[in-house]
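Just below is one structure, and these are the notes that go with it.
The values are calculated or read from the model by the stated rules, or taken from the named source; none is laboratory data. Because the structure is predicted, anything quoted here is derived from the model rather than measured. Please note: Cβ atoms are built from the backbone with ideal geometry, for glycine as well, and neighbour counts cover all protein chains shown. Remember, those area values only see protein heavy atoms, side chains included, never the ligands or the DNA or RNA. Shrake-Rupley method; radii C 1.70, N 1.55, O 1.52, S 1.80 Å.
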Amino acid sequence: MGAQVEIESAFPAPAEALALIRAAADAALAAEGIKNAVSCHVLVTDDEGIRGFNLSYRGLDKATDVLSFPSLPFTPENTAASHPEWLDMEYDVDTGTVFLGDIIISWPRVLAQAEEYGHSTARETAYLMTHAMFHLMGYDHMEKEDQRRMRQMEESSIARFLPSQEEEKMLSMAREAMKMAYVPYSHYPVGACLKCTDGTLYTGCNVENASFGATNCAERTAIFKAVSEGRRSFESIAIAAGPSAPWPCGICRQVMNEFSPGMRVMVTWDGGYDAMPLSDLLPHGFGPESLDK
Ligand code: THU
């Protein structure tokens, strides 16, 4: 269940930024394990706009990057996940959601901070929205331990929808590998880039056959290349295709599970990206240790 994010843009932020704001809200809720339908309001404004809110609500006459105003009394000891009954109590029949609160983001600060930290505008947008979402769910950074927990939640949440720089490289290698696909029957090229735990990368593409069952998927091509060169432990795999999300087929999930049940699976397609652990794609998998029991 995702968040219903109402975005008001008092300052022209690009459509991708608005999509990232929604993705960040959904990921934060998923990371916290919230199943309720929730909503929040996000105002994207400029430095002057956010300065006004900072002055009215916090008595601080200065611009800032992000402000959040929780509507529920969660705290670092009682975050949203630990009080599902509070969420249930706040259910609004008119909207069909639980309103978590308001968030205000200064778009010029997003641009300036992205530059300052040397990362993309996408990452900065994702970070500020994620940070605000965790504040709405009770997280804080006043105490060292609370700050550590908040940071950890933020990182794992952002990793759900935004690839790191290194993952970006794997995704583009997977897209490149797609070009080698031999697909005269399906016309559905797939590319993969596998990262072994020793850091080595292997690419692969799908290789079809006139006897259709002899087809090899891109993921297995990359995995078999790696295994044939002595690698048996994998950290992650990036899979690329054109029109739709190339979540690995059942056979490929099983082959991955043989070697690294905890590996991360990333998919990219025209305009899309998603990622999750293999254990979410193949729960209760049958692996080598099953034979020992
Ligand atoms: N394919 C892959 O390469 N990976 C998957 O996990 C799903 C399917 C390929 C196999 C075949 O060449 C084409 O996509 C259509 O099924």
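A few points about this structure:
- Whole-number percent relative contact order across the chain, with pairs defined as alpha carbons under 8 Å at least 6 apart: 13 percent
- For region 65-114, carbon and sulfur atoms together expose 56% of the accessible surface, with a 1.4 angstrom probe and every protein chain in place.
- Apportionment of accessible area to carbon and sulfur, region 130-177, percent (1.4 Å): 50 percent
- Averaging 1/r over each pair of different alpha-carbon atoms in the chain and inverting the result gives 21.1 Å, the Kirkwood hydrodynamic radius.
- Rolling a 1.4 Å probe over the protein heavy atoms gives the chain an accessible area of 50 Å² per residue.
- Farthest toward the positive end of the dipole of the chain, out of 24, 53, 69, is the Cα of 24, where the dipole comes from beta carbon charges about the Cα centre.
- Calculated mean residue ellipticity at 222 nm for the chain: -12000 deg cm²/dmol, from DSSP H runs with n ≥ 4 weighted as -39500 (n - 2.57), summed, divided by the residue count and rounded to 500.
- Straight Cα distances below 17 angstrom link residue 35 to none of the lysines, with same-chain residues fewer than 8 positions distant left out.
- Angle in degrees between helix 15-32 and the longest Cα principal axis of the chain, rounded to the nearest 10: 90 degrees
- Reachable lysines from residue 169, criterion Cα separation under 20 angstrom, eight or more residues apart if same chain: 179, 195, 225
- Ordering of 211-219, 128-136 by packing is 128-136, 211-219, highest average first (other Cβ atoms within 10 Å, averaged per residue).
- For the chain, size of Cβ-based charge dipole, Lys and Arg +1, Asp and Glu -1, in debye: 1120 debye
- Relative contact order of region 3-158, pairs being alpha-carbon contacts under 8 Å that are 6 or more residues apart, as %: 30 percent
- Inter-part distance where region 181-216 and region 99-161 are each reduced to a Cα centre, Å: 37 Å
- Rg in Å to one decimal, and Dmax rounded to a whole Å, for region 188-258 via C-alpha atoms: 11.8, 37
- Among beta bridges from DSSP that stay inside the chain, the antiparallel ones total about 55%.
- A cut-off of 5 Å between modelled amide H atoms, ignoring neighbours fewer than 5 places along the same chain, links residue 38 with 4, 98.
- Using θ = phi - 60° and Karplus 6.51 cos²θ - 1.76 cosθ + 1.60, couplings along region 174-186 (whole Hz; Gly, Pro as x): 5, 5, 5, 5, 3, 5, 8, 4, 9, 10, x, 9, 8
- For a straight C-alpha distance cut-off of 13 angstrom, the aspartates and glutamates reachable from residue 62 (same-chain residues fewer than eight places away being disregarded) are 46, 47, 48.
- For region 127-141, putting each phi into the Karplus relation 6.51 cos²θ - 1.76 cosθ + 1.60 with θ = phi - 60° gives couplings of 5, 5, 5, 5, 4, 5, 4, 5, 4, 4, 9, x, 5, 8, 10 Hz, in residue order, rounded to whole numbers and with x for Gly and Pro.
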